[in-house]
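Colleague: This is the structure I have questions about; it appears just below.
The values are calculated or read from the model by the stated rules, or taken from the named source; none is laboratory data. Note that the structure is predicted; figures quoted are calculated from it, not measured. Positions of Cβ are backbone-derived with ideal geometry, glycine not excepted, and every protein chain shown enters the neighbour counts. Protein only, heavy atoms only, side chains kept; ligands, DNA and RNA dropped before computing areas. Shrake-Rupley method; radii C 1.70, N 1.55, O 1.52, S 1.80 Å.
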Amino acid sequence: QITSFGGGTQYTEDAAAAADPVGTALIMVRDDALSGQTTTDGDNVAARGTDKGELYVKHADNITVALGAVDNAVLDAIAASVAAIDTDATTIIGHVDGIETALAAANASLDAIEASAAAIDTDTSSLLTELQLKADLTETQPVSLATVPSHAVTNAGTFAVQTGAERAEDTAHTTGDTGLFILGVMNEGEATIAPTQGDYAPIAVNETGQVMVEVRNSVVVAPAGGSSFTVANAGTFPTQVDGAALTALQLIDNIVGSINGPGAPVIDSYQSIAINLAAAANQSLVAAPGVSKQIWVYGLAFTVNVAGTVSFQDEDDVALSGIMQVGITGGMVVAPSGNFAMPLWKLATNKALEVDVVTAELDGTLTYGVVSV
């Protein structure tokens, strides 16, 4: 126990401070976690501080903070905003409560509708069962496969036939009669419809709906009430040829065949072109016609303005004529024969027609055809 103190100056409480006083340093007890002390009211207690020497202080009275006008205005605005938010939140809560009430009412209505639908379905099933039980099977009754998917039908008893479209033989027509619609199959190309003898086949029609009929026997046309017809000179009349007339036609056809020659050509095109050329070699008259095509020349006519030579050949210089000497203003003419099978020149397949003109100018016309080979 310390009973006396040495060094330092003691000062009287509530006395005026001396200039440059000297005093004793305050010592505190470090207490990182403040806790209650086992002391009695009025006992001396050592001061408590942090590890940094900071003195623990507790305000025993309220602290009044003096704020400026701007700070007070900001706090007032904040308070007003908080009050508005509180009002809006109260309104939203009211709306949510109303929605929950409406949803509860809607759910109750839906439950009632569902219960009513179930009751209607039950009543409908009962009614259908009752109607089926009450049906008189001795009379004709319509059967709906929607409610009765299948029936076992025995071939016994009498069956009523649905009528309305059938007509008795040799009965008079009545306005408003109904009938079955007869359909046909469009068979313009006359394809085989029933390949086996005795098979069922539909009625064949053409694209305009007309029934197609094959006449197997000769049709004799006789005038009503007389033995003659008045024939106007109009239209096309088929002629049946036999006997001497047929022989004459065959002879004429043979003559035509002799004109055409063996195997009449297939003429793709037939035309005449103008010739107007100066002196030069290998001048094209007709271009190569293409694959499997030949140029056949049927007629030729030309003149020259001064004495010179003219020769015709194909694009490979295969000669079609000799080198022809032609005098001043002279020329030549070869008329078409009128027989497509007998041309003046036949060029090789897919070869162009050319002409060589020396000294003179060449003018005239050329008649040719393009033939498939």
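Colleague: Pick out, in residue order, every one of the trypsin sites (Lys or Arg not before Pro) in segment 27-87 that is DSSP loop and has at most 15 other C-beta atoms within 10 Å; say none if there are none.
Modeller: Counting only loop positions with at most 15 other Cβ atoms within 10 Å, the trypsin sites (Lys or Arg not before Pro) in segment 27-87 are Lys52, Lys58.
Colleague: What accessible area per residue comes out for segment 1-118, rounded to a whole number of Å², with a 1.4 Å probe?
Modeller: The answer is 89 Å² per residue.
Colleague: Under a Cβ-Cβ cut-off of 15 Å, what is the net charge of the residues other than Ala287 that fall near it, where Lys and Arg count +1 and Asp and Glu count -1?
Modeller: Result for the neighbourhood of Ala287: -3.
Colleague: How do Glu315, Glu354, Glu54 rank by accessible surface area computed with a 1.4 Å probe, from largest to smallest?
Modeller: Putting Glu315, Glu354, Glu54 in descending order of accessible area: Glu54, Glu315, Glu354.
Colleague: If Glu214, Glu13, Glu130 are ordered by their accessible area, calculated over protein heavy atoms with a 1.4 Å probe, which sequence runs from highest to lowest?
Modeller: Details: Glu214 130, Glu13 170, Glu130 85 Å².
Greatest to least solvent exposure: Glu13, Glu214, Glu130.
Colleague: Here's something else I'd like to know. Could you please report the charge total around Tyr368, scoring K, R as +1 and D, E as -1 over all other residues with beta-carbon less than 14 angstrom from its beta-carbon?
Modeller: Net local charge, Tyr368 excluded: 0.
Colleague: With a/c under 1.5 counting as rounded, go ahead and sort segment 8-86 into rounded, prolate or oblate using the C-alpha gyration tensor (a ≥ b ≥ c being the square roots of the eigenvalues; past the cut-off, prolate if a/b is larger than b/c, else oblate).
Modeller: prolate
Colleague: Could you pull out every residue, at least 5 positions away or on a different chain, whose amide H is within less than 5 Å of the one on Gly49? Hs are placed 1.01 Å off N in the peptide plane, and Pro or chain starts have none.
Modeller: Amide H to amide H, under 5 Å and 5 or more residues apart or across chains, Gly49 pairs with Val29, Arg30, Asp31, Tyr56.
Colleague: Ignoring any ligand, DNA or RNA, what whole percent of the accessible area of segment 261-350 comes from carbon and sulfur when the probe is 1.4 angstrom? Numbers along the way, then the final one.
Modeller: Details: 2800 of 4790 Å².
Ligands and nucleic acids excluded, carbon and sulfur reach 59 percent.
Colleague: For segment 68-74, what does the Karplus curve 6.51 cos²θ - 1.76 cosθ + 1.60, with θ = phi - 60°, yield as ³J(HN,Hα) per residue in whole Hz, taken in order and with x for Gly and Pro?
Modeller: x, 5, 5, 4, 4, 5, 4
Colleague: Between Gly330, Leu320, Tyr368, whose Cα lies farthest towards the positive end of the dipole of segment 310-373 when Lys and Arg beta carbons carry +1 and Asp and Glu beta carbons carry -1, centred on the Cα centre?
Modeller: Tyr368
Colleague: Quick check: at a probe of 1.4 Å, how many percent of the accessible area of segment 28-139 sits on carbon and sulfur atoms?
Modeller: It is 60 percent, rounded to a whole number.
Colleague: Still on this structure: Can you give me the relative contact order of segment 1-128 as a percent, contacts being Cα pairs under 8 Å and 6 or more apart?
Modeller: Across segment 1-128, relative contact order equals 13 percent.
Colleague: Mind listing the phi-derived Karplus ³J(HN,Hα) values for segment 108-121, rounded to whole Hz, using 6.51, -1.76 and 1.60 with θ = phi - 60°, and x for any glycine or proline?
Modeller: 5, 5, 4, 4, 5, 5, 4, 5, 5, 4, 4, 5, 4, 4
Colleague: Keeping every protein chain in place, order His95, His173 by accessible area at 1.4 Å, biggest value first, i.e. largest first.
Modeller: His173, His95
Colleague: Then there is this: HN-Hα J couplings of segment 168-178 from phi, Karplus 6.51/-1.76/1.60, θ = phi - 60°, integer Hz, Gly and Pro as x?
Modeller: 6, 4, 6, 9, 6, 6, 10, 4, x, 4, 9
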